[in-house]
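Comments concern the structure below.
Bear in mind these aren't lab numbers, they're just calculated from the coordinates by the rules spelled out. In this text the structure is predicted, and so the values were computed from the model without any measurement.
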Amino acid sequence: SESVTLPRHSRFCAMHMLALALAALSQPGGRGGAPAAAPLHQVVEQVFDTDKDGKVTLSEITTTLDGLAAISGMGMAGGAGGAGGGGDAASEMAAKIRAAKRFAPQLIKLMDVDSSGTLSRSELKWLSQAHKRMKSSLKDLAQGVFDAIDADADDSLSPQEQTAALSQPVLGAVVGLLETDPIKPPALSASIEEAATAENLRAAVALLDGDGDGSVSRKEAYRAVAAFKKQFLEAATLLETMGPMLAMFGGAARGGGGGD
């Protein structure tokens, strides 16, 4: 991706904010010990809605995360961490940012009900709902969905079974399982057009195919769901504990208004 260079007058402020962020990460409460000041969906809008139009795009997310990565890199190069493991905290923060960039497109697909490429405030609200659900086991839900698609019960979803899942009655069975679960992903709902739901399911199942061979084993599916849950919760923890500061990071990364 395109590199981000901070204007000179923003660098001291950015370094100072990074030092504060690293201190927050290194505290016992800095990894989720304190309650969130606002629901997760509101924090996400605050951090990533850079043009303040009430919507969040993948481009806004990527640009903000690139800026945070640049600031994090400055901190590690300039010794902002100092003694006491600050460098390790900076490395941890950079790793979380990289993971968030990889994770963002998958998450957007589950939330973008109208396939507009942007997440509205109503679509973002699902994040808070999903956050509560992710704190408990997803194993039963994953098993139910897998079994609904695995017509021959051979613990593998063949390309033919994946295709069959895009039409009735399998599509209805999968959507029914998801809608009776608290997670209720908006893009896999009976409330939107069936063709759109089918396309979203196709994309979701494709993400489960870890080795890219066209079939999805039960182990692959469960591993992918566990990885999704882990990434979601890690991103949520970072945003909950550091949301306002991340919003300031984004401002610094964009040059505090664009001046040089």
| Gain in span if fully extended, SER189 to LYS52, counting 0.36 nm per residue against the direct Cα distance | 46.5 nm
| remark: Ratio for segment 186-234, C-alpha Rg to 2.2 N^0.38 Å, reads 1.28
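Kirkwood Rh, Cα Rg: Rg to Rh for segment 93-232?
Looking at segment 93-232, the ratio lands at 0.94.
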| request: Please go through the residue pairs LYS101/LYS125; LYS96/LYS229; LYS96/LYS139 and name each one whose alpha carbons sit more than 22 Å apart in this structure. | output: LYS96/LYS139
| remark: For SER217, the residues 5 or more places away or on another chain with a placed amide H closer than 5 Å to its own amide H are LEU157
